[in-house]
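Okay, so here's the structure we're looking at.
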Amino acid sequence: MSDNLSTGRLVTRLLLVVACMFAFGFALVPIYDVMCQAFGINGKTAGAYQGEQAVDEARQVRVQFLATNAADMVWEFGPQADELTVQAGASNEMLFIAYNPTDKPMTAQAIPSVAPSKAAAFFHKTECFCFTQQVLQPGERIEMPVRFIVDRDLPKEVKHLTLAYTLFDITARKPPVAQVTQAP
């Protein structure tokens, strides 16, 4: 009888552990968001922006641009300039240059991040190469624009933003189609 009782307790405890693990899995996303906000990392931008704002000519914000490649990415990738000083509410543009030095077509995806994270909701991209995957042929170089607006409602204490992109090689997941040149 005591063997059945101890087996029942063990099964109950194991089921409780499984239920707790399942609940913890669902709690990870909000925990991650809170941790990112607390430590000011992985700021997600507000995404594509369709509205218009009046320009606040009295307020300037410095926007710094960073570009890095993931470990397996061989492209040359970077902004045309390291930073811009912009007016809140004004539309702005920065070009990023990408070059495929390999002898094969490649597909890439850029993942953006804005710091400080509390400012990310006030950074609106109207056009961005990060919205789509980029395919470059061997030796091809392209200019990829990012058009953005720094919202007039950006907290007053924020005077400097950093827009960072990490470029990932996704060729294995989405193989590009090589361009074929036709003879005249």
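Since every read-out is calculated from the coordinates, none of them should be taken as a lab result. Worth saying up front: this structure is predicted, and the values here are computed from it rather than measured. All Cβ positions, glycine included, derive from the backbone under ideal geometry; neighbour counts span all protein chains shown.
Summary of values
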read-out: Distance in nm between pseudo-label sites at ASP72 and THR102 (7 Å out along the Cβ direction from Cα); value: 0.9
read-out: Neighbour-count order for ILE111, ILE170, ILE149, fewest beta carbons within 10 angstrom listed first; value: ILE111, ILE170, ILE149
read-out: Computed FRET value (nearest 0.05) for ARG59 with GLU127, which takes r as the C-beta separation and R₀ as 25 Å; value: 0.60
read-out: Sorted peptide list for 114-126, 75-87, 3-15, criterion being average Cβ within 10 angstrom, highest first; value: 114-126, 75-87, 3-15
read-out: Distance in nm between pseudo-label sites at LEU14 and LEU28 (7 Å out along the Cβ direction from Cα); value: 2.3
